[in-house]
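J.: Dropping the structure in here first, questions after.
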Amino acid sequence: MLFYVLRRTGAALATLAAASVVIFVFIHLIPGDPIYVLLGDEATPEQVEALRTRLGLDRSIVTQYFYWVGNVLQGDLGTSIFFQDPVTLIIRDGAETSILLACVTMVWIVLLGVPVGVLAATRHGTWIDQGLSGIAMLLASIPTFWVGLYLILIFAANLGWLPSSGYPSIFEEGGLSNLRYLLLPSLTLAAPNAALILRLTRASMLDVAKEDYVRTARSKGIRPQRVVIRHILRNALLAVVSAFGFTFAALISEAVVTETVFALPGIGRLVVQSILRRDYPVIQGVILVIVCLYLIINLLVDISYRYLDPRVELE
Amino acid sequence: MLTVRNLVVSGGKGASRVDIVSDVSFEIERRKVLGLVGESGSGKSITSLAVMGLLPHPQLWVRGGSIELDGADITEEPPYLRVERGHGGVSMIFQEPMTSLNPVVPIGDQIVEAVRVHDGSTGITARNRAQELLEMVRIPDARLQLTAYPHELSGGMRQRVMIAIALACRPQVLIADEPTTALDVTVQMQVLSLIRELCDTFDMGVLFITHDLGVVSELADSVSVMYGGKIVENGPVERLFNVPLHPYTSGLMNCVPDPSAGHRRFQTIPGQAPKPGEITKGCRFAPRCRHAQAVCTTDTPAKVVDGPLHSAQCHFPIARGAS
């Protein structure tokens, strides 16, 4: 087990090294120049040159890359060109929002997607199944911003139950009650993802239900509910768990639209805004962190398989 | 003890409805083995699922007839309802021991699950019973094997675990659906003799489903031969093997290679078994039968008897001495 984790970590580091090159090269291929973002169009050539030298952008791209990697290895992701703050601090601020939002959203996805998927599968072919599958299809198809705006309209504007935008840190005044700011955004994000998990759970359950060992379980005279939970769902979850991992990673990196609708200071919006500002150090830093996140989640999913499926050998 | 009367199992609805099993009747007594013989698609497995109460609804259902166990009607009653209503148990072991056990649950837990339902015991008592059952099916180191997962066992061992699960349900009748087909020849004999022995120890009847006449002749007390969803001949094993009445039975027996006869062409029955609903009139074996005449394709054959226990459905049964 330990050996496996070490070997996988080694492979992950190699992936990370390759990813860092790709990230760096592609970001510098984006047309545009951070200097003009900072100084505006009316800057004199002298001012431009001076700033370029100060930011180190006048050096060759290879030199810049190794300079960057050298700093990353010391835990320094550089300084934001736009904010003039350390990138690590900027990412830390965004990460709190994004990670908490992803966690709350995952709770919705698991609580809604899995049980409703089980319900649809056990009522396979009835109007309940068709209704639930139809709703799932609808939720997966509606654009996120539309769901978000309607949730704001109903629960924030009309009923006034929940705040419509922003997110003060749980470490600031209000503490954990600040999580209520994340309720509507998490529901918005959960809608399409829970729908996908629902459909996956349902399809996986229907596959497993055809297995011989389910017939064996029924022949033992145990109650149908127990057959569904212990024999069908237990095996169907094997397929769903890997989807949980990727969904979680995607919730952190791809929540741009939701973060924008609810004015949340998250990672997704940080990336998009930094790209618009050509803020190279921030883009590089965030993408590097997201790559790490995917690698870690991948590893965790693989390890969890060892516990869910005894047939899986990790060595 | 177990009485199946005029069982009809159908699939499809309305005009597309077909009878997959029609008018099947048999009885199984305690400590006796009934062999149910036929080709693939003859309706053997569907018959056994109907007896188990495990037909896959709504694709298949019992359209007629009855299944009784010790006087109680258990037709279309799934196993958990049989437990709730205190009706006797029918257990089943399947052809594929590889896929018949839950891959993510230790075998001990899978046995205990059945013990808890049928004995009402829990905890260490149920666990000890599970170990005892593993010992009865001759699994070495039973205590240790309780925590093993199915993939850690060989095919023969898994089939023994299946038998242990079946026995945990304290069945009056054990249905064995080609339980040795997927096993090595050497293991086959062990499993067969185990089933025969447990039939006496547990005082239960056995419905043994197979296409292997050799197995039937060694194991069964009586035989029913199925063809195209119907039982075409049934009788005590020696009687049926020595004096087959139905041309299909005799054809099946000729298909078994005889090593003492030296090298010669294998005997086969020409043609293929009919699909369900393909033949609705007359004798279903008529298109493949050497003895068929015009009446065979138009009229349903009547029952011919050879003594009180042996009978067949045929217009032109094979006479004694002929073949």
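J.: Has the stretch A:37-52 got any residue that is touching a residue at least 60 places away in the same chain (Cβ under 8 Å) and either open to solvent by less than 40 Å² (accessible area, probe 1.4 Å) or not in a strand (DSSP E or B) (or both)?
T.: Checked against the condition, which is being touching a residue at least 60 places away in the same chain (Cβ under 8 Å) and either open to solvent by less than 40 Å² (accessible area, probe 1.4 Å) or not in a strand (DSSP E or B) (or both), the stretch A:37-52 yields at least one hit.
J.: When only residues in the stretch A:115-125 that are open to solvent by less than 50 Å² (accessible area, probe 1.4 Å) and β-branched (Val, Ile, Thr) count, which is nearest to A:Met205 (Cα to Cα)?
T.: Among residues in the stretch A:115-125 that are open to solvent by less than 50 Å² (accessible area, probe 1.4 Å) and β-branched (Val, Ile, Thr), the one nearest to A:Met205 (Cα to Cα) is A:Val118.
J.: Take B:Gly65 and tell me if it is surrounded by 15 or more Cβ atoms within 10 Å (Cβ to Cβ), touching a Ser or Thr at 6+ places or on another chain (Cβ under 9 Å) and closer than 20 Å to A:Arg226 by Cα.
T.: Spelling it out, it is not the case that B:Gly65 is surrounded by 15 or more Cβ atoms within 10 Å (Cβ to Cβ), touching a Ser or Thr at 6+ places or on another chain (Cβ under 9 Å) and closer than 20 Å to A:Arg226 by Cα.
J.: Filter the stretch A:140-174 down to residues that are aliphatic (A, V, I, L, M) and open to solvent by less than 60 Å² (accessible area, probe 1.4 Å) and give me whichever is nearest to A:Gly117 (Cα to Cα).
T.: Here the answer is A:Ala140.
J.: State all residues of the stretch B:173-188 that are out of contact with any strand residue (DSSP E or B) (no Cβ under 6 Å at 6 or more places or on another chain) and modelled with pLDDT of 90 or more; if no residue qualifies, say none.
T.: none
J.: Is it the case that some residue within the stretch A:200-220 is within 29 Å of A:Gly268 (Cα to Cα), open to solvent by 20 Å² or more (accessible area, probe 1.4 Å) and not in a loop (DSSP other than H, G, I, E, B)?
T.: Within the stretch A:200-220, one or more residues are within 29 Å of A:Gly268 (Cα to Cα), open to solvent by 20 Å² or more (accessible area, probe 1.4 Å) and not in a loop (DSSP other than H, G, I, E, B).
J.: If you take the residues of the stretch A:193-228 that are within 30 Å of A:Glu259 (Cβ to Cβ) and touching a Leu at 6+ places or on another chain (Cβ under 6 Å), which of them is farthest from the other protein chains (Cβ to nearest Cβ)?
T.: Here the answer is A:Ala195.
J.: Can you tell me which of B:Pro103, B:Pro97 is touching a residue at least 60 places away in the same chain (Cβ under 8 Å) and closer than 26 Å to A:Asn235 by Cα?
T.: Going through B:Pro103, B:Pro97 in turn, just one is touching a residue at least 60 places away in the same chain (Cβ under 8 Å) and closer than 26 Å to A:Asn235 by Cα: B:Pro97.
J.: If you don't mind, another one. For the list (1) in contact with a Leu (Cβ under 6 Å, 6 or more places away or on another chain); (2) at pLDDT 90 or above, I need the number of the one condition that A:Leu183 fails.
T.: Answer for A:Leu183: the failing condition is (2).
J.: So if I check each of A:Phe262, A:Phe248, which one is touching a residue at least 60 places away in the same chain (Cβ under 8 Å), of a type in the set (Phe, Trp, Tyr), within 30 Å of B:Val105 (Cα to Cα) and in contact with a helix residue (DSSP H, G or I) (Cβ under 7 Å, 6 or more places away or on another chain)?
T.: From the options A:Phe262, A:Phe248, the qualifying one is A:Phe248.
Residue by residue, here is whether (1) within 14 Å of chain A (Cβ to nearest Cβ); (2) among the acidic types (Asp, Glu); (3) crowded, with 23+ Cβ neighbours inside 10 Å holds:
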{"residue": "B:Ala130", "(1), (2), (3)": "yes, no, yes"}
{"residue": "B:Arg138", "(1), (2), (3)": "no, no, no"}
{"residue": "B:Thr147", "(1), (2), (3)": "yes, no, no"}
{"residue": "B:Leu153", "(1), (2), (3)": "yes, no, no"}
{"residue": "B:Leu207", "(1), (2), (3)": "yes, no, yes"}
{"residue": "B:Gly214", "(1), (2), (3)": "no, no, no"}
{"residue": "B:Ser217", "(1), (2), (3)": "no, no, no"}
{"residue": "B:Val225", "(1), (2), (3)": "no, no, yes"}
{"residue": "B:Val232", "(1), (2), (3)": "no, no, yes"}
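J.: Considering only residues that are more than 7 Å from every other protein chain (Cβ to nearest Cβ) and either part of a loop (DSSP other than H, G, I, E, B) or more than 23 Å from B:Val191 (Cα to Cα) (or both), which ones fall in the stretch B:90-105?
T.: B:Gln95, B:Pro97, B:Met98, B:Val105
J.: Can you tell me which residue among A:Leu238, A:Leu270 is within 13 Å of chain B (Cβ to nearest Cβ), among the hydrophobic types (A, V, I, L, M, F, W, C) and in a helix (DSSP H, G or I)?
T.: Step by step, each of A:Leu238, A:Leu270 is checked, and only A:Leu238 is within 13 Å of chain B (Cβ to nearest Cβ), among the hydrophobic types (A, V, I, L, M, F, W, C) and in a helix (DSSP H, G or I).
J.: Also, I was wondering about something else. Quickly run through the stretch B:271-291 and pick out the residues that are over 25 Å from the mean Cα position of the chain (by Cα), under 30 Å from B:Ala15 (Cα atoms) and open to solvent by 40 Å² or more (accessible area, probe 1.4 Å).
T.: B:Lys281, B:Pro287
J.: Being open to solvent by 10 Å² or more (accessible area, probe 1.4 Å) and within 23 Å of the chain's Cα centre (by Cα) is the filter here, so list the residues in the stretch B:93-117 that pass it.
T.: Residues satisfying the conditions are B:Gln95, B:Glu96, B:Met98, B:Thr99.
J.: Out of A:Gly78, A:Gly32, A:Gly125, A:Gly40, which single residue is over 30 Å from A:Arg180 (Cα atoms), in contact with a Phe, Trp or Tyr (Cβ under 9 Å, 6 or more places away or on another chain) and among the small types (Gly, Ala, Ser)?
T.: Result of the check over A:Gly78, A:Gly32, A:Gly125, A:Gly40: A:Gly78.
J.: Kindly indicate which of B:Glu39, B:Glu84, B:Glu76 is within 11 Å of chain A (Cβ to nearest Cβ), open to solvent by 10 Å² or more (accessible area, probe 1.4 Å) and at pLDDT below 95.
T.: Going through B:Glu39, B:Glu84, B:Glu76 in turn, the sole match is B:Glu84.
J.: Considering the stretch B:55-77 alone, what residues qualify as being of a type outside the set (Asp, Glu) and under 23 Å from B:Ser16 (Cβ atoms)?
T.: The answer is B:Leu55, B:Pro56, B:His57, B:Pro58, B:Gln59, B:Leu60, B:Trp61, B:Val62, B:Arg63, B:Gly64, B:Gly65.
J.: Out of the residues in the stretch B:263-309 that are without any contact (Cβ under 8 Å) to a residue 24 or more places away in the chain and in a strand (DSSP E or B), which is nearest to B:Asp23 (Cα to Cα)?
T.: So the residue we want is B:Lys303.
J.: Out of A:Leu77, A:Leu55, which single residue is within 24 Å of A:Leu276 (Cβ to Cβ) and in contact with a helix residue (DSSP H, G or I) (Cβ under 6 Å, 6 or more places away or on another chain)?
T.: A:Leu77
J.: Which of the residues belonging to the stretch B:17-35 are more than 16 Å from B:Thr75 (Cβ to Cβ) and open to solvent by 80 Å² or more (accessible area, probe 1.4 Å)?
T.: B:Arg17, B:Glu29, B:Arg30, B:Arg31, B:Lys32
J.: While we're here: Do you know which of the residues in the stretch A:175-193 that are open to solvent by less than 10 Å² (accessible area, probe 1.4 Å) and in contact (Cβ under 8 Å) with a residue 60 or more places away in the chain is nearest to B:Val90 (Cα to Cα)?
T.: Among them, the one singled out is A:Ala190.
The values are calculated or read from the model by the stated rules, or taken from the named source; none is laboratory data. All of these numbers come straight from a predicted model, not from anything done at the bench. So basically every Cβ, Gly included, is an ideal-geometry build from the backbone, and we count neighbours across all protein chains shown. Keep in mind that these areas ignore ligands, DNA and RNA; they rest on the heavy atoms of the full protein, side chains included. Shrake-Rupley method; radii C 1.70, N 1.55, O 1.52, S 1.80 Å.
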